[in-house]
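See below for the structure under consideration.
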Amino acid sequence: MRVLHVAPEAYPLVKVGGLADVVGALPKALRPLGVEAEVLLPWHGGLEARRVGEVLFTFAGREEVAPLGERVEGGVRFLLLGVEGFGRERVYGYPDDQERYLRFALAAGRLAQGYDLVHAHDWTAALLALLAPTVYTIHNLAHQGLVDPGPFFHWTGLPWNLFHIEALEYYGQVNLMKGGIVFARLVTTVSPSYAEEIQTPEFGMGLDGVLRRHAPKLRGILNGLDPEVFDPAQDPHLPAPYSREDPSGKALAREAFRRATGLRPPILAYIGRLDPQKGLDLVLEALPRLGELGFSLYVQGVGEEVLAQGFREAEAKHPGWVRFVPAYDEALARLAYAGAEAVLVPSRFEPCGLVQMIAQRYGTPPVARAVGGLKDTVEDGKTGVLFQSYHPEGLLYGVLRLFRLGAESLGLRGMDKDFSWEGPARAYLEAYRRALG
């Protein structure tokens, strides 16, 4: 079986968030199951690859040519499409994102003809569901890809009879994610709990009715971690290796993390995007009380400026017990996973989340809100703590309960959990077989 994964990002070539980790790891896990899985990305600025051909496609009624590059990493073949608009610094965040990714998807549709199945990821690849046999994965329902209908039908050449409520129309616009849900042969999302939650008005982001109508083809498959990428026993960013059997190196990681941050223990860490989804307003509101209770806070990430300014001000006001790093520094992130006393994951909603899995892999217990993939991966009171209420008091309760239960012992039990891709890969193989009939 030949499967083409189509996505905007994939580790180790280009990474913005957890989507990249999934797209980079899943093809490797599928290979032992007999699936020849390759990954197709836009040829983003700065990516190096060997040119192996070109792809002819039609955009806005004109024939265009996209260079095709090839690069092999970790045994996975990555293909890069050099369509117009992608030789830039960032993966997302430009005014013409919809136009760029529709151009990419149309070119990808031509290339997909040589495969048995397309596995399309998120709104940027959702158009593939109208062009080829597709399994469509929703990584985050909040980003749906809305396009004005006039430009959409001009760019794609698709017929206007698709612009109705049972197909692409969504409050007067074209909704690309809705199209992926409606036209894919099978729809997956990245945890069983999130698959249930998105069928409700609270978490459905306006698409809960569509998802309920298509529930028979909706599956929740929990993401995994690449055990070779995230392994404290062989992580070059740590001062010493350690494992569940010999955790002695973890004490050295704690010392190194305290020196690197200048913070006093116990240290609570947040690693990830600065996004309202992630519950960082709770962290800022709870911060004075956390300080009174003797906790320090480490925050690392980039994103919304309002949140970044909030943490800059907190660090300036409390330099001894708040440290804010406005960047994604892989070495410091790994040191935080290993060296913090606990990791905070207080999300409003969470499709799956990788932070809480990485933390447990590194023996650091998470304090997480009981939503989506967080409640599927954190065993409350055993490998971490879950809290229910989206309120600063809920977060404070979770932190205090974690330390009453014993953060170190919970962290060690978390290292016993299997977050590998082996189980999820088998579930995806079954999804592919169902999609192909």
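Miscellaneous remarks
- The residues of the stretch 244-274 that are part of a loop (DSSP other than H, G, I, E, B) and open to solvent by 30 Å² or more (accessible area, probe 1.4 Å), listed by number, are ARG244, GLU245, ASP246, PRO247, SER248, GLY262, ARG264, PRO265, PRO266, ARG273.
- Taking residues in the stretch 333-353 that are among the polar types (S, T, N, Q), and partners anywhere that are open to solvent by 10 Å² or more (accessible area, probe 1.4 Å), the pairs with Cβ atoms closer than 6 Å and at least 6 places apart or on different chains are SER347/LYS278; SER347/ARG369.
- Filter result for ALA60 (open to solvent by less than 70 Å² (accessible area, probe 1.4 Å), in contact with a Phe, Trp or Tyr (Cβ under 7 Å, 6 or more places away or on another chain) and either under 29 Å from ARG273 (Cα atoms) or modelled with pLDDT of 95 or more (or both)): yes
- Those residues of the stretch 79-101 which are under 15 Å from ALA7 (Cβ atoms) and not hydroxyl-bearing (Ser, Thr, Tyr), in sequence order: LEU79, LEU80, LEU81, VAL83, PHE86, VAL91, ASP97, ARG100
- For the criterion of being open to solvent by 20 Å² or more (accessible area, probe 1.4 Å) and under 21 Å from LYS15 (Cα atoms), VAL345 fails.
- There is at least one residue in the stretch 137-153 that is open to solvent by 10 Å² or more (accessible area, probe 1.4 Å), in contact (Cβ under 8 Å) with a residue 60 or more places away in the chain and within 19 Å of ALA37 (Cβ to Cβ).
- Each residue in the stretch 410-437 was checked for being part of a helix (DSSP H, G or I) and open to solvent by 30 Å² or more (accessible area, probe 1.4 Å), and 9 pass.
- Among (1) under 19 Å from the mean Cα position of the chain (by Cα); (2) at pLDDT 95 or above - the single one PRO12 does not satisfy: (2)
- Residue within the stretch 110-122 that is under 21 Å from VAL16 (Cβ atoms) and of a type in the set (Gly, Ala, Ser) present: yes
- Residue pairs meeting the criteria (Cβ under 6 Å; at least 6 apart or on separate chains; first farther than 20 Å from ILE165 by Cα, in the stretch 181-207; second part of a loop (DSSP other than H, G, I, E, B) and open to solvent by 10 Å² or more (accessible area, probe 1.4 Å)): THR188/ILE221; VAL190/HIS139; VAL190/ASN223; SER191/LEU222; GLU197/PHE203; PHE203/PHE349
- Inter-residue pairs, beta-carbon under 8 Å, first closer than 18 Å to GLU9 by Cα and in the stretch 45-59, second open to solvent by 80 Å² or more (accessible area, probe 1.4 Å), 6+ apart: GLY45/GLU89; GLY46/GLU89
- Residue that is least open to solvent (accessible area, probe 1.4 Å) [pool: residues in the stretch 216-243 that are within 23 Å of the chain's Cα centre (by Cα) and of a type in the set (Gly, Ala, Ser)]: GLY224
- Every residue from the stretch 373-395 that is charged (D, E, K, R) and either more than 22 Å from the chain's Cα centre (by Cα) or open to solvent by less than 60 Å² (accessible area, probe 1.4 Å) (or both): ASP376, ASP380, LYS382, GLU393
- Unique match (being among the aliphatic types (A, V, I, L, M), more than 27 Å from GLU228 (Cβ to Cβ) and open to solvent by less than 30 Å² (accessible area, probe 1.4 Å)) among LEU81, LEU47, LEU41: LEU81
- Sole exception among (1) touching a residue at least 60 places away in the same chain (Cβ under 8 Å); (2) open to solvent by 10 Å² or more (accessible area, probe 1.4 Å); (3) not basic (Lys, Arg) for TRP321, by number: (1)
- For beta carbons closer than 9 Å, sequence separation of 6+ or different chains, a first residue in the stretch 400-420 that is more than 13 Å from VAL367 (Cα to Cα) and a second that is hydroxyl-bearing (Ser, Thr, Tyr) and open to solvent by less than 50 Å² (accessible area, probe 1.4 Å), the qualifying pairs are ARG413/THR383; MET415/SER243; MET415/TYR362; MET415/THR383; ASP416/THR383; LYS417/THR377; LYS417/THR383; PHE419/THR377.
- Within the stretch 132-224, strands (runs of 3 or more DSSP E) holding 1 or more residues that are touching a Pro at 6+ places or on another chain (Cβ under 9 Å) and among the aliphatic types (A, V, I, L, M): 134-138, 173-175
- Residues located in the stretch 288-304, provided they are crowded, with 21+ Cβ neighbours inside 10 Å and modelled with pLDDT of 95 or more: LEU290, PHE295, SER296, LEU297, TYR298, VAL299, GLN300
The values are calculated or read from the model by the stated rules, or taken from the named source; none is laboratory data. All values derive from a computational prediction rather than experimental measurement. Don't worry about glycine lacking a Cβ; one is built from the backbone with ideal geometry, like all the others, and counts go over all protein chains shown. Just the protein is used for accessible areas: all its heavy atoms, side chains included, with ligands, DNA and RNA removed. Shrake-Rupley method; radii C 1.70, N 1.55, O 1.52, S 1.80 Å.
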